Protein chains: 2
Amino acid sequence: MEFSFQVLKTDPTGARLGRLTTPHGVIDTPAFMPVGTAGTVKGLTQEALADLGVQILLGNTYHLYLRPGHELIRNMGGLHRFMSWPGAILTDSGGYQVFSLSDLRKVTDEGVRFRSHLDGSEHFLTPEKSLEVQQALGSDIAMVLDECIEYPAERGRAAEAARRTADWARRCRDYAREREDASTTPGQALFGIVQGGAYADLRRESARRLVELDFPGYAIGGLAVGEPHEMTCELAAAAAAELPAARPRYLMGVGLPEQLSDYVACGVDMMDCVLPTRNARNGCLFTSAGRISIKNARYAADSRPLDENCSCMVCRNYSRAYLRHLYMANEVLAAILNTHHNVHFYLDTMRKIRQAIAFGELAGFSAELQARLEAGHP
Amino acid sequence: MEFSFQVLKTDPTGARLGRLTTPHGVIDTPAFMPVGTAGTVKGLTQEALADLGVQILLGNTYHLYLRPGHELIRNMGGLHRFMSWPGAILTDSGGYQVFSLSDLRKVTDEGVRFRSHLDGSEHFLTPEKSLEVQQALGSDIAMVLDECIEYPAERGRAAEAARRTADWARRCRDYAREREDASTTPGQALFGIVQGGAYADLRRESARRLVELDFPGYAIGGLAVGEPHEMTCELAAAAAAELPAARPRYLMGVGLPEQLSDYVACGVDMMDCVLPTRNARNGCLFTSAGRISIKNARYAADSRPLDENCSCMVCRNYSRAYLRHLYMANEVLAAILNTHHNVHFYLDTMRKIRQAIAFGELAGFSAELQARLEAGHP
C-alpha cells in the first residue's frame, strides 16, 4: 500500500476524523501510538497488541541503533519482521533520546556527538545517519532529526534550534529521496518536525519552513516538556494552523488521557506517549473515574474490577485485590496486566474521541470527560 | 465434582495413563504442574495458562501465607477466585519453603518455628496450621506438612524425619477431616508424603505408614535434592511399589524434560518443577534438540524459531534473534515468551508420554527422547 491520508470529517472544534494508509495497514485517526522502545511494548506480546486493536506503534531509533543494532535488524528483514509485528510502525529520529538519555552530547550544525547510556561508546548522529538507521529499521513512517531544547528556553535559543531543525529536515528529506531503495519498507514516509520552543510565532515560522520542504506528514515536537497544558494546546494549534489540511499531524510525546481530546481539538491526528506503559509498571492505572495507585492499601481486599466501565481482559477477569497483590509481590504479571489495561484505556479513549468527532460532538465529550475525571481524582 | 482417580491403562514399564477428577476439573495423567508460587505462574496470564492446556497448577502455601495472607484469600473466596483460575490447584504444605527459604528455623515434634524471608517476622508452622492455611486457599489438593531433610543425610536423621512426617500426616488428616467445612473448596483432597531420605527400606516403611492413614493420594517427597538420577528413580519406585494402585502418586519437585518419562515409568502420575519457569527467566530454554542458552552470541542473527519441532505461539511467531535481543535488553517480554515456550515444552512432553503409554510404547519413547536430547546437548 502507498502512504496516503484522508480526512473523513472535521468537527466544529477543528478535530479531524481520518484514515492513514501505510505499507503495513490502515490507521484510524486520531490515533494513539503505544511506545515500543526496544522492539517491544514493555509487557505485551505482539498477539496482545493485535488483540488490543493497536494499528501503529512507535519504535525508538536510539535504542534499536545501540542494541541490537540497525544492521542486524536490516539483515533480519527490518523491524517488522524482527519483532514479528505486522502492523504499522513509526520510528522517531533518535534525537530526543540523545538529548535526554546519553552523556557528553555536543550539538553542531553537522549533528550530535554522544556517548551511549549502555556502554559509554561514542557515536555521531547526523540527519543522514538517523535516516540510514530508520531505513534499515524500515518503519512505515520515519522522522527527521530535530534539535530538542529544554523548557523554559530563551527566544534566541529556541529560534536557533528551529533553524537547525529546518536545515536538518532538508538534509533528511534529500537523503531519504536519494536512498529510497535502501529502506527495508518500500514506501516509507518521512515526517518533518515543527520546533520553536514556547514561542507561537517561532512555531508558525518553523511550520512554514517545513511546509516548503513538502513532507507527507508533519510532527509538532518539543511540547509537553513542562509548560502548562493550555500553552501546549495554544502552541500546537498555532503550528497546526500553518500545516496543510490534507497531511497528517503528529503531536509528539503526549499526554494524559483527559488531555487527548484537547490535542485532537487542535487538529492533531496522531499522538504517542510512554505514560500508559511506564505508569503501568509503576502501579499507576488509568480508569474512567481517574487514576488509581494500585499499591494503595485500600485495594488489598477490593474484589471489584479496576474499572467497572472497562471491557478489557484485565477488568473482565481480575480484581483490584489481585492486581495489588501482584504489584506488592513484584510479579511479572503485574507489569503484564497493568500495561494491558492502561494501553486499552488509551486506545478506548481514542475510539470514543473518533466516535465523538463522527457525531460532531467532541466539545461535549471533552467537557464530560474532564468533569468525570476531576470528580474521580483522589 | 468429587475427587476421584481412575487408571485407564498400564504400560509394560509400569507407567499409568489415568484421569484425576477434582472439584475444578479433570486432569489427564501423567500430569505436569507448573509452579504458581505467589498466585501466579511467573510471566503467564491465566488466559495463557488455559491456552497452553494447563489443567492443574501448584500454589505455594508458604508464599501465600506470608503475602497477601490466607485470611485475605479466604475472604476473597479462595485462591481460585483470587487469582481467577478456573482449573485445578494443588498447594504444598509450606514445609519445603520453610526449610529452604526462611531464617532461624527450629523443628520440634510440635512444628517448625521460622522467620519470614520477607520481613523477618516470626511464625510457627504446625501440621494443623498448614491445613488451616490450605483450607483458606481452597486448593483442590492439599499436602500434609512433612519434614524435608538435606542430601546426603545420616540414616538416623532420615528415619527420624520420616517418623515425624508420619506423625504430622496423621495430625493433618485428623484436622482436615474435623474441619472439612472450613475449606473454601468443598471436596478438597489431602495427600500424604513419603519421606525416608536415600534409604529404600525407610522409603518403603514410610509409604506403608502413610497407607495405613488412608489418603486419597500419595506424594513422594525429598527426592531430586542432589542425589544421582538413577537413585531418584530407584527410591521413587521403591515407594511407589508400596502405594495402592488405585490412588494417584505425585513425585514432588521433578525434573528435567528428559527425566520425566523415567519418573512416569516408576509409576508416578503427577509432577511439578520450577525448572521450566525459573530457567526461562534465566534464558535457559528447552527444545527438542536439547537446551539452549538464548543469550549466546551465536543466536544474535539466527532467524530460525527456537525449536523447529515446536508448535507453540513463541516458536510459530518469533525468532531466536528476537528472543536473544529481548533477553539481552532485559525486557519483560523475554520472561513472557521464554516461560510460554518452556511450559509448552513440558506440557507437550507429557502429552507425548501419555500417548506413548496409550500405545504401550513408553520404553521406546524414552530411549528415543534420551538419544535425541543427548545428541543435541552442546
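The values are calculated or read from the model by the stated rules, or taken from the named source; none is laboratory data. Just so it is clear, the structure is predicted and the values come from calculations on it, not from any experiment. Here Cβ is always computed from backbone atoms with ideal geometry, including for glycine, and neighbour counts include all displayed protein chains. These accessible areas exclude ligands, DNA and RNA; they are computed on the full protein's heavy atoms, side chains included. Shrake-Rupley method; radii C 1.70, N 1.55, O 1.52, S 1.80 Å.
A few remarks follow.
- For region B:313-346, filtered to residues that are hydrophobic (A, V, I, L, M, F, W, C) and more than 12 Å from chain A (Cβ to nearest Cβ), the residue that is least open to solvent (accessible area, probe 1.4 Å) is B:Val343.
- Just so you know, in region A:282-295 the residues that are within 14 Å of another protein chain (Cβ to nearest Cβ) and either open to solvent by 10 Å² or more (accessible area, probe 1.4 Å) or on the phi > 0 side of the Ramachandran plot (or both) include one that is farthest from the chain's Cα centre (by Cα), and it is A:Lys295.
- Within the option set B:Leu251, B:Leu306, B:Leu260, being open to solvent by less than 10 Å² (accessible area, probe 1.4 Å), more than 24 Å from the chain's Cα centre (by Cα) and not basic (Lys, Arg) holds for one residue only, B:Leu306.
For every residue, the table says whether it meets (1) touching a residue at least 40 places away in the same chain (Cβ under 8 Å); (2) of a type in the set (A, V, I, L, M); (3) within 27 Å of B:Gly25 (Cα to Cα); (4) outside any loop (DSSP other than H, G, I, E, B).
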position: B:Lys106; (1), (2), (3), (4): no, no, no, yes
position: B:Leu118; (1), (2), (3), (4): yes, yes, no, no
position: B:Asp167; (1), (2), (3), (4): yes, no, no, yes
position: B:Arg170; (1), (2), (3), (4): yes, no, no, yes
position: B:Tyr175; (1), (2), (3), (4): yes, no, yes, yes
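- Residue check for B:Gly18: open to solvent by 10 Å² or more (accessible area, probe 1.4 Å), more than 14 Å from chain A (Cβ to nearest Cβ) and small (Gly, Ala, Ser): no
- Residue in region A:64-86 that is within 21 Å of A:Val225 (Cβ to Cβ) and not polar (S, T, N, Q) present: no
- Filter pass, A:Ser139 being assigned to a loop (DSSP other than H, G, I, E, B), buried (at least 23 other Cβ atoms within 10 Å of the Cβ) and of a type in the set (S, T, N, Q): yes
- Among residues that are in contact (Cβ under 8 Å) with a residue 60 or more places away in the chain and at positive phi, B:Gly138 is included.
- Among the candidates A:Leu72, A:Leu49, the residue that is modelled with pLDDT of 95 or more, within 12 Å of chain B (Cβ to nearest Cβ) and under 20 Å from the mean Cα position of the chain (by Cα) is uniquely A:Leu49.
- Just one of the listed residues (B:Val26, B:Val7, B:Val98) is closer than 22 Å to A:Met328 by Cα and either assigned to a strand (DSSP E or B) or touching a strand residue (DSSP E or B) at 6+ places or on another chain (Cβ under 6 Å) (or both), namely B:Val98.
- Under the condition of being loosely packed, with under 15 Cβ neighbours inside 10 Å and assigned to a helix (DSSP H, G or I), the residues counted in region B:177-188 number 4.
- Scan of region B:27-49 for residues that are open to solvent by 30 Å² or more (accessible area, probe 1.4 Å) and under 18 Å from B:Asp272 (Cβ atoms), ordered by number: B:Asp28, B:Lys42
- In region A:21-36, residue nearest to the other protein chains (Cβ to nearest Cβ) [restricted to those that are of a type in the set (Val, Ile, Thr) and free of Cβ contacts under 8 Å to residues at least 60 places away in the same chain]: A:Val26
- Checking every residue in region B:362-373 against the condition of being acidic (Asp, Glu), surrounded by fewer than 19 Cβ atoms within 10 Å (Cβ to Cβ), part of a helix (DSSP H, G or I) and away from every other protein chain (no Cβ under 14 Å) gives at least one match.
- Pairing residues of region B:357-369 that are free of Cβ contacts under 8 Å to residues at least 24 places away in the same chain with residues that are in a helix (DSSP H, G or I), at Cβ distances under 9 Å and at least 6 apart in sequence or on separate chains, gives B:Phe359/B:Phe365; B:Gly364/B:Ala356.
- For region A:83-111, filtered to residues that are surrounded by 22 or more Cβ atoms within 10 Å (Cβ to Cβ) and of a type in the set (A, V, I, L, M, F, W, C), the residue that is nearest to B:Ala321 (Cα to Cα) is A:Met83.
- Filter result for A:Ala158 (of a type in the set (A, V, I, L, M), within 24 Å of A:Gly226 (Cβ to Cβ) and touching a Phe, Trp or Tyr at 6+ places or on another chain (Cβ under 9 Å)): yes
- The residues on offer are A:His63, A:His80, and the sole one that is within 11 Å of chain B (Cβ to nearest Cβ), assigned to a helix (DSSP H, G or I) and open to solvent by 10 Å² or more (accessible area, probe 1.4 Å) is A:His63.
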